[in-house]
Amino acid sequence: MQVCLVVILPLLWPLINAQVPHWGPCPEPVTQPAFNFKLFMGRWFEIAKLPAQFEKGRCIETNFTLQFDGTARVLSSEILKGELRTMEGTAVVEDKKNPAKLGISFSYVLPYTPYWIISTDYINSALVYSCTDVLRLFHVDFAWILGRSRSLPESTINHGKEVFTKNNIDVSRMVASRQQGCDKLP
């Protein structure tokens, strides 16, 4: 076990260093019942998040487009240092019995990472969670409050945080995303 940790930890250090690890395995939150993948398609704006190393810019948004094979094309964008940056990936329903448990990959060589829809009304907001276990000793997680517009009422954001908390997801470090000045894209 110690040899395994010595080999694996250096490989995971950039991911771990960027986030705050939590002891123990990932929580198992309740996901959106009767989730409809097709209704989730479209443009979502990041309203609040747990800090993520891979998201440093402002005006972060993701557009999901249903493909003929049942997957979704995922196009994420942000403005960083005055420059529009985009990433393209694929989303899949990983568990047909629980279609709210999506997987997303932004690389052909990397496995899908969890992208679980905790809650959504499809037309206003969504709560999304992702977590990676490291040998069930600790986990690194991400959480997002998304909106169909660049802002949501404070009551909606507070309710989202309460839902995460009730699912044993620590959102004490959640921060508001910067969605100002986005109409002046570079």
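Annotations for the structure displayed:
- Within the range 81-132, being in contact with a helix residue (DSSP H, G or I) (Cβ under 9 Å, 6 or more places away or on another chain), within 20 Å of Arg148 (Cβ to Cβ), not small (Gly, Ala, Ser) and not in a loop (DSSP other than H, G, I, E, B) holds for Leu102, Ile117, Ile118, Thr120, Leu127, Tyr129.
- Considering the range 29-58, the residues that are among the hydrophobic types (A, V, I, L, M, F, W, C) and in a loop (DSSP other than H, G, I, E, B) include one that is modelled with the lowest pLDDT, namely Phe54.
- Filtering the range 137-173 to residues that are in a loop (DSSP other than H, G, I, E, B), under 22 Å from Asn63 (Cα atoms) and touching a residue at least 40 places away in the same chain (Cβ under 8 Å) leaves Arg148, Ser149, Arg150, Ser151, Leu152.
- Subset of the range 70-87 [closer than 13 Å to Phe37 by Cα and of a type in the set (D, E, K, R)]: Arg73
- All conditions in (1) within 23 Å of Gly57 (Cα to Cα); (2) of a type outside the set (Ser, Thr, Tyr); (3) assigned to a helix (DSSP H, G or I) hold for Gly181, with the sole exception of (3).
- Residue satisfying condition, being crowded, with 18+ Cβ neighbours inside 10 Å, of a type in the set (D, E, K, R) and under 16 Å from the mean Cα position of the chain (by Cα), within set Glu88, Glu78: Glu78
- Index of the failed condition, Thr113 passing every other in (1) surrounded by 16 or more Cβ atoms within 10 Å (Cβ to Cβ); (2) β-branched (Val, Ile, Thr); (3) within 12 Å of the chain's Cα centre (by Cα): (1)
- All positions within the range 66-110 that are over 20 Å from Val128 (Cα atoms) and hydrophobic (A, V, I, L, M, F, W, C): Phe68, Ile79, Leu80, Leu84, Val109, Leu110
- For the range 59-75, a tally of residues being surrounded by fewer than 14 Cβ atoms within 10 Å (Cβ to Cβ) and outside any strand (DSSP E or B) returns 4.
- Taking the criterion of being surrounded by 12 or more Cβ atoms within 10 Å (Cβ to Cβ), on the phi < 0 side of the Ramachandran plot and of a type outside the set (A, V, I, L, M), the residues of the range 159-175 that qualify are His159, Gly160, Lys161, Phe164, Thr165, Asn167, Asp170.
- Scanning the range 122-147 for residues that are among the polar types (S, T, N, Q) and either buried (at least 21 other Cβ atoms within 10 Å of the Cβ) or in contact with a Cys (Cβ under 8 Å, 6 or more places away or on another chain) (or both) yields Ser125, Thr132.
The values are calculated or read from the model by the stated rules, or taken from the named source; none is laboratory data. Computed from a predicted model, the values in this text were never measured in an experiment. All Cβ positions, glycine included, derive from the backbone under ideal geometry; neighbour counts span all protein chains shown.
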